[in-house]
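Values quoted throughout were computed directly from the atomic coordinates according to the rules given, and no laboratory measurement underlies them. Since this is a predicted model, take the numbers as computed values, not measurements. Neighbour counts run over all protein chains shown; Cβ positions are idealised from the backbone, glycine included.
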Amino acid sequence: MSTIKDIAELAGVSAATVSRVLNCDETLNVQEETKKKVFEAAEHLEYHMKEKKKRKRKLKLGVICSYSPEEELEDPFYLAVRIAIEKEMEENGFKRIPLNIEDSMEHFALVDGIICLGTFSRTTVQKIDRTQKPHIYVDAVGNRNTGDSIVTDIRHSVIQVMEYLWAQGHRRIGFVGGNDLDSDGRQILDSRLPTYRRFLEDKDALREAYIKIGGYTSKHGYRLMKELLKEIKRPTAIFAANDSLAVGCYRAIQENGLQIPGDISVVGFNDISVAKYLAPPLTTVHIHMNFMGHRAVQMLAELIQQERRINIHVSVPTELIIRESVGRAEE
């Protein structure tokens, strides 16, 4: 490999002059002809400057989860995203610092940035803003003017499901979903429900009796499905707001002596690991949970290290995974 000394000999100048020319030292006072000789010599010798490696500071990132460990086990969506976040941090040498929204401002001051995973109240969003730390919301949107966010494209996901069921001949489509309360006591409506309603209203096929709302666990799915099965004219298909609810629906349907999908079709949401092992395997919406976790860490690191002043809001598309839990409707 050629060196600065080789270039200096070929150009007829000192090694110090070569170094300053190649590094574009604006304080160097030499003729343009000399600079030209240096660059031509470097080109002739195929000299490649070594890039100066920027030493990245090992970041300390705080993680706030809005749900309890018990809730995480009931609905593994957040478990999968959290594990992806922790894996990305580990691979980058970042330190994870667990945070709680009740922590003092002094505790928040220990971190370089904050990842907020879950659902957060207005009061919580305001506190995160007051920390004045770079932050990102995962599966939620906080204050668009102060932080990043990465969410699932819910509307398009629901339309995919409904169009698929409609194409299979289903006109009596039930919805099993949930509501939550945030830490301010405000009700959080299921974000899938408005698109479900709008789709069927446009088709003049909406039946309010087919909408059942409770929580998001398999127990809720079981109870809500039992209620739907009492309908004189029951739905031919069920859209469950997550796979845990779908598991409960399976149990209720099968206990009632009915077949999936022969009597009732079921579609879930999230594509958790158990979905493919149900009998029959569950048709569901695959959310790119690993991508969301990895990308959240990358976005926050960029926000901190590059001092980015523009906030980014990412909507991640989903994929409808067709398995064996949906059949054609026999109206």
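Calculate, in whole percent, how much of the Cα-Cα pair population of region 238-283 lies beyond 12 Å. Working shown, then result.
Working: 548 of 1035 pairs.
Result for the distance tail: 53 percent.
When a/c is below 1.5 the answer is rounded, else prolate if a/b is larger than b/c, else oblate, so apply that to region 164-235 with a ≥ b ≥ c taken from the square roots of the Cα gyration tensor eigenvalues.
Details: a/c = 2.42, a/b = 1.44, b/c = 1.68.
Oblate shape, in that a/c is at least 1.5 and b/c is the bigger or equal ratio.
Specify, per residue and in Å³, the volume enclosed by the convex hull of the alpha carbon atoms belonging to region 232-331. Display every interim value, and only then the final one.
Values: hull volume 11.6 nm³, N = 100.
Value for region 232-331: 116 Å³ per residue.
Compared with the direct C-alpha span, the chain from THR3 to LEU73 gains 19.2 nm at full extension, assuming 0.36 nm per residue. State which entries of LYS219/LYS276; LYS60/LYS127; LYS203/LYS276 exceed 29 angstrom in Cα-Cα distance in the structure shown. Long pairs (Cα-Cα over 29 Å): LYS203/LYS276. Taken over region 177-279, the ratio of Cα radius of gyration to 2.2 N^0.38 Å equals 1.08. Note on the chain: dipole from Cβ charges, positive end direction compared against SER218, ILE188, VAL13; the farthest Cα belongs to ILE188. For the chain, the alpha carbon convex hull comes to 201 Å³ per residue, rounded to a whole number.
A simple spin-label model places pseudo-atoms 7 Å from Cα toward Cβ; at ASP263 and GLU102 they are separated by 4.7 nm. The alpha-carbon of LYS36 sits under 18 angstrom from the alpha-carbons of these aspartates and glutamates, leaving out residues fewer than 8 places away in its chain: ASP6, GLU9, ASP25, GLU26, GLU46. If r is the Cβ-Cβ distance from LEU22 to ILE159 and R0 is 56 Å, what FRET efficiency results, to the nearest 0.05? After rounding, the FRET efficiency stands at 0.50.
Relative to one another, the C-alpha centroids of region 273-318 and region 1-31 are positioned 49 Å apart. From the largest down, region 64-158 spans 40, 29, 26 angstrom on the principal axes of its Cα atoms. Spin-label model, GLN306/ASN92: points 7 Å from Cα along the beta carbon direction are separated by 1.2 nm.
222 nm [θ] for the chain, helices only, -39500 (n - 2.57) per DSSP H run of 4+, per residue, to 500?
Numbers: 12 runs with 132 residues, N = 331.
My calculation for the chain gives -12000 deg cm²/dmol from helical runs alone.
Think of region 98-237 as a dipole: +1 on every Lys or Arg Cβ, -1 on every Asp or Glu Cβ, centred on the Cα centre; then among ILE128, THR146, ILE173, ILE173 lies furthest on the positive end.
One-quarter of the Cα convex hull surface for region 66-110, in nm²?
Values: hull surface 14.6 nm².
Hull-based average projected area comes out at 3.7 nm².
Expected output is a single nm value to one decimal: the length gained when fully extending between ASN179 and THR34, i.e. 0.36 nm times separation in residues minus the C-alpha distance. What is it? The partial results should precede the final answer.
Details: separation 145, 0.36 × 145 = 52.20 nm, distance 7.37 nm.
Roughly 44.8 nm would be gained on extension.
Distance between the C-alpha centres of region 208-254 and region 161-193: 11 Å, rounded to the whole angstrom. Our summary gives the chain a relative contact order of 18 percent, counting only alpha carbon pairs under 8 angstrom and 6 or more residues apart.
For region 1-160, the spread of Cα coordinates along the three principal axes comes to 74, 43, 28 Å, biggest extent given first. Dipole size of region 54-137 about its Cα centre, with +1 on Lys/Arg Cβ and -1 on Asp/Glu Cβ: approximately 820 debye, rounded to the nearest 20.
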